[in-house]
Amino acid sequence: MFYPIIFNVYGYAESIKNIWVKYYTMTEYVNLKLPKDMIELVRKFIEEHPEWGYTSVPEFVKEAIRDYILYLESSKASQSSKEEPSE
């Protein structure tokens with residue numbers, strides 16, 4: 001199987017597979033408590049919408065957090081670009 005080659009932060013070529021393996025083997029995990037009704041809401045969504053490709057609640061939650069952070073960062077960037085420069 002072919003894995004695309006990219007350059008890491010140090011400028012060295014690496015395959016996507018190697019980066020994925022490093023990320024998941026070096027990542028530390030912690031427990032996170034969420035209300036049961038929220039977990040059930042996510043579980044129900046995953047079951048009713050297999051077309052989205054989610055297979056577990058943790059997978060869904062990780063992506064939701066990542067996406068929300070990106071959304072907040074892009075919102076902040078777009079707001080700061082709309083502000084008039086001070087004189």
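Looking at D37, D67, which one is at pLDDT 90 or above, part of a helix (DSSP H, G or I) and under 15 Å from the mean Cα position of the chain (by Cα)?
On the way: D37 fails: under 15 Å from the mean Cα position of the chain (by Cα).
Unique residue meeting the criteria: D67.
Can you tell me which residue is modelled with the lowest pLDDT among those in segment 1-34 that are surrounded by 10 or more Cβ atoms within 10 Å (Cβ to Cβ) and among the charged types (D, E, K, R)? Steps first, please.
So in segment 1-34, the residues surrounded by 10 or more Cβ atoms within 10 Å (Cβ to Cβ) come out as 3, 5-6, 8, 14-22, 34.
Now restrict to residues that are among the charged types (D, E, K, R): 14, 17, 22.
On the way: E14: 55, K17: 58, K22: 61.
Restricting to residues being surrounded by 10 or more Cβ atoms within 10 Å (Cβ to Cβ) and among the charged types (D, E, K, R), the top hit is E14.
The values are calculated or read from the model by the stated rules, or taken from the named source; none is laboratory data. Just so we're clear, the structure is a prediction, and the values are computed from it rather than from any experiment. When we count neighbours, we look across all protein chains shown, and the Cβ atoms used for this are built from the backbone with ideal geometry, even at glycine.
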